[in-house]
Structures are given as C-alpha cells and as structure tokens.
Amino acid sequence: MINKSNSESLYFPRPTKLIDVTALSEREILFRLRLEDGNALYHIPGQFVEVSILGTGEAPISIASSPTQGDAFELAIRAVGNVTQALHRLQPGDTIGIRGPFGNGFPVSELKDRDLLFIAGGIGFFPLRSMIQYVLDMRPLFGKIILLYGCRQPAEQLFHQELKEWRERDDVLIMDTVDRCPPETEWEGNVGVITTLFPGINILPARTTALVAGPPVMYRYVVAECLKKGIAKERIILSLERRMKCGIGLCGHCQIDNAYVCLDGPVFNYAKLEQLKEVEL
Amino acid sequence: MEFLKISKAQFQLSVGRMIDENFVYGVKAKSPSYEFDRLFTADELCLNYNITLLSPNKYFLPPRTPLMGFKLDGKISVDSMVGAQPGIIIGIHPYDLHALKLLDAVFLGNLKDAYYQARRQVIAIIGIDCLQPWQYSFAASMGTAFPPAGFDLWLTDTGDKYLIEVGSEKGEELCRKYLDASEAGEIEVKQREKLREESLSRYKLSLDISPQLIPEVLNSGWNSSMWEELGEKCFSCGSCTMVCPTCVCFDVRDTTELNRLSGERYRIWDSCMFDAFATIASGENFRPTGTDRLRHRLYRKGKYMLQRWGRLGCVGCGRCIHACLVDIASPVYAYNRLAREARTG
C-alpha cells in the first residue's frame, strides 16, 4: 500500500548526449552537449547546470556558451573532483545527465545599450564566455566592449582560436595578461596581475557595467579598481562560485548570509554583495 | 472545534486497534531517553515523556532518502522512488509540530518536494501537550509551548483521561474507527486551559526578549566577541544540528551495487557545522572556522529562516543545548547575551 505520487522529482536529470569533446589544456575540456529530448536548454547567460554521472554524483557547472549559439550548449570543465574527473574520461556519443538551468544569470535586459567591461580571471572565463558570445551575437544591442583576461601563466590561457577571432574584430577590445611568464615562453601580452591592465583602459564610468568572474581572491582587488574607475556599485556584477548541491534552494550548501547562490545568484551586483556579512570584499 | 475525552485504559486499547491495521509510530522509553519508533504493542507507547532524542520530523525528512534508482549500462533509467508508507504518529509535542510547519514552508513552498509531500500527505499526526518540559526547554518564551493548527488529533493528559481535540477530517475518521471516546464539555476544556497555564511556570530557561526581536539583536551582534569565545571550543561534530527539528540541509550522494550494474542516488542529512560544508571543488572553504559555522547556524535559526520561510528556525526544544559536548550550542544563551550586549552597548 505504498502511496505513489505523480509529481515529477526535482532531482531527475535529463539524458544529454556529448556531441563534441575538445581538450582545452591538460586540465580543462570543452564539452558540447545536446538534450536527448531534442529541446534547447533555454538558459540565460551566466546560469549553471547540475551535471550528473550516475554512480558518481552531481557537480554544479556554469554554462560556457550563449543561447544564441543554437540548441546545443557547451560546458568547459576542469577536472578537480570525482564528477569532473569522471567526465574527463567520457567520449563523444556518451550520455550524461543534466538538471537545470539554475540561478539568475546575468541581467541581460539591464545590460542593453551599456558599455561592458568583462574581467575574467583564469577559468572565470567560462561563465563570462556565455555572456561574451551573447553580446557578440547581438552586437548592435550593446555599446563598447572590453575584455580583460588574466591567467597565472601563458599555458593557462584557453580558447586561443576564439580569442584570435575576437581580436580580429574592430568592435571589441581584448587585453590579456599573465601573472608571470616562465623563461623561454612565448608571450606578447602584459605581465602582471589583472589589475595592472586597469590603467590602460579608457571607459566612461556612467555608461559602463563591469562583469567579473574569477578566483575568489581576485574579486576584492578588481572591485576596488572598478570603484576607482568610477563605476557604480550596482554596475559591478560578479559571478560567484559556491557548492550548489541541489540547485533548488534546499540543501543549504551555497548559502551566503540569507542568500542562496543557486536561486538568488550566482550573479550578484556589488551593492547587494556589500550587504552580505559573510562576503568580505 | 470538537472535543472528546477518553480514559487512558480505553485509549491504550484504541492504540492497539490502530497498530493492528496501520504503521503506527510513537514515543518509546529508550533509556536514558525517549525516541519515536515503530509501535508493535500499545503498552510500548510512553506519552508522559519529556523529550525525544530526535524529532518526529525524521518520518518526513528521513536521515537518508532515496531519490532515484538507476542502471549503469550506458543508458539512464530513472525509477521513481517517490512514495510513502501511510502511517500514524502518536505523541508529537507542540514545539515539534511548530518545527514541522517550518519544514512545510521549506519543502512545500514555491517548489514542491515530491518525497516530502508524499510522506506528509499519508502520515497522520496525533500530538500531546507537553505539561512537564525538561530542564533545557525554553519553548514557553519562544511561543511554541502550545500546538499550532495542523494536527489531526491533539491530546491533553488530564490525569486518568485524555482530552482530545479533533483537528481535521482525518482526525475525525481516526476517532470513528479506533477511539471509543465520549464528548467532552466546557469543564474539560477549561481544565485544559488551566493545565496549560500551569505548565508555563515549569520552564527553567527563557528568552529574555520577544522572539520577534531575535533578528534585531543579531543585526547588531555580528561582531560580538561571543562568537569567537564559543566558536573556538566547537568540535564541528554537528550534534546540535542532527538533533535539531528545524535543520533541513542535506547532501546528495550516489552509491552503486558491488557489481557496478545499478545504483541509487539519495539525499542524506548534512550539517553546516561540519568543516567542509561550504567547501568548493577547488578546496576553498567559505566558512573555514568553528566560529564562522557557529555564527552561521545561529543566524540561520534566528533570522534567515524567518526571512526566507516566514518562521523562526528555533522552536525552543533545547535538544541542541543537551547534545552539545562543550556547552556552546544554546540559542537561548546566545540570543540573551546579544540582547544584553545590545542594551549595554
């Protein structure tokens, strides 16, 4: 006499096919995926999914491609935990599970007509890439576009081909830097932490919104530089990394003060973050 | 509101009839404490208890809930595990019913959690007034000494009888089927009021401020030296959260059969007091110290849950005070001290 409920479980992953697997470096792989039911993911740039490997578990992964790129979507994944390591062993044609998209994503409509200053540190480039692609696909809707991209060393810079294509456009400015450049490494860009790029950029603070993603340690310094440039607190937008286990505001792992990053984030503006006591920026 | 009365001897016979036909859970003596457990005979039921080790919420949000089964042969085949065994719980105290209402707000809010909902729909609740609170309870000052709406039947021990308040149609049905109860009058209801009133003086601990003011004292207390003082003693053992009737956080995990052909995904109670709770894959821990975690727990109970789900996350049961090995978990101590510090500046 077990009572069966018909309501669908919020935990059921949707079968999703790996249609392309491209190594970005020794540690990161770009996966191109398509839901097996034929639907698009219908995500907003900046949202994330729970990637599921049955028998291993789930991991929250930001979506690295724009919804303007078609029904397939991309996840760029560094192998750091059980799930991401298992993902790295998969081949095109394999099936995984996807739940989501989850989270708020970037405030796309608020960004229309704005000058955008993207600031990416390391694999913080992945969530920003969804928005950069979106902006470039919908280019007339936005103002001036600058991308600052910093990595620890040249070998860690990813998406060379894409960066090269963007560099060739005259409607987007790319500036990159590495923290250090080992001897005999080819590198033509700046050397120094990402904040060393700030003196070289020209922005109109009233027109500019900054979009920031990177390692947690980067945020404090980047926010300080943005404020110094005169960008308003509400116009400094950061994507945060937390341990979203359920994605639906229940499990508690991603909580910052009373904010659930999986529901209220992962994208927050600095004016909001400043009010959270557990965030020290 | 319908009131009935039944002798204790008759009630025990009624419980026996329920057990014959249902899964019945009730409070059993489990020395040196009490615990909700499946009843097999009516005389196992112990209704004059002071506190149970865990709250009856374990029947609605079990320590381990299977979410889905699957096969590993390349294809995802997800079998629904949503469902619940109908049953009856006897002996819920008022503070624990208050806590269950918070769980309702969490799991039956904007998103309906099918696993929780299935259990909630088919498990009947028979509660009883807590007239002899244990020494760690401060429910009276939290406003949780008496039951909120949401029970099926509610008992009050009036000596040799129980007064029964019928709270739902399901409760009426239980009465019709199992209870040889007679109608109660104004005298018995007055008696209940008096018994309840008298029970309030038996609480040893009390919150010095109105519970509605807890968020306010927390607002001014973030930098209090108390957090460090308490936090540095914390073992991060999670006992305070495991016994807490309003703790709802969980982890999601997979397990496979030894043959690696099939497996199960389940959720399991987790604790924000464990040191790795807020750690991300890269190793960064956003709440690295015992102080960070203890403060988060008491803010969550006293402020965040109220903001998000409309109910305070503390019902004053006192289980965490008793469970803590180093005497630092008490919400009533922390909130009273912050209130005092706020007054004296």
Estimated inter-spin distance, B:Lys190 and A:Leu204, nm [label 7 Å along Cα→Cβ]: 8.2 nm
Chain A - Cys residues lacking any other Cys C-beta under 4.7 Å: A:Cys151, A:Cys181, A:Cys226, A:Cys254, A:Cys262
Approximate spin-label separation B:Arg176-A:Cys181, in nm, with each point projected 7 Å along Cα-to-Cβ: 8.6 nm
Simple spin-label estimate for B:Asn219 and B:Asn48 in nanometres, 7 Å along Cα-Cβ: 4.7 nm
Net charge of Cβ neighbours under 10 Å - reference A:Lys144; Lys, Arg +1; Asp, Glu -1: 0
Contour excess over end-to-end distance, with Cα ends at A:Ala40 and A:Lys112 and 0.36 nm allotted per residue: 23.6 nm
Average beta-carbon neighbours from other chains, 10 Å sphere, peptide A:252-264: 5
Acute angle (nearest 10 degrees) that the helix A:125-137 long axis makes with the longest principal axis of chain A, alpha-carbon atoms: 80 degrees
Most to least packed among B:227-234, B:281-288 [average Cβ atoms within 10 Å]: B:227-234, B:281-288
Förster radius 51 Å - calculated FRET efficiency between B:Asn285 and A:Glu188, Cβ distance, rounded to 0.05: 0.85
Average beta carbon contacts from partner chains per residue of B:299-308, 10 Å cutoff: 3
Neighbouring partner chain Cβ atoms per residue of A:76-82, average, 10 Å criterion: 2
Net length gained if the chain between A:Ala271 and A:Gln91 were fully extended (0.36 nm per residue, minus Cα distance): 60.5 nm
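Where a number appears in this text, it was derived from the coordinates with a stated rule and is not lab data. What you are looking at is a predicted structure, and each value in this text was computed from that prediction instead of being measured. When we count neighbours, we look across all protein chains shown, and the Cβ atoms used for this are built from the backbone with ideal geometry, even at glycine.
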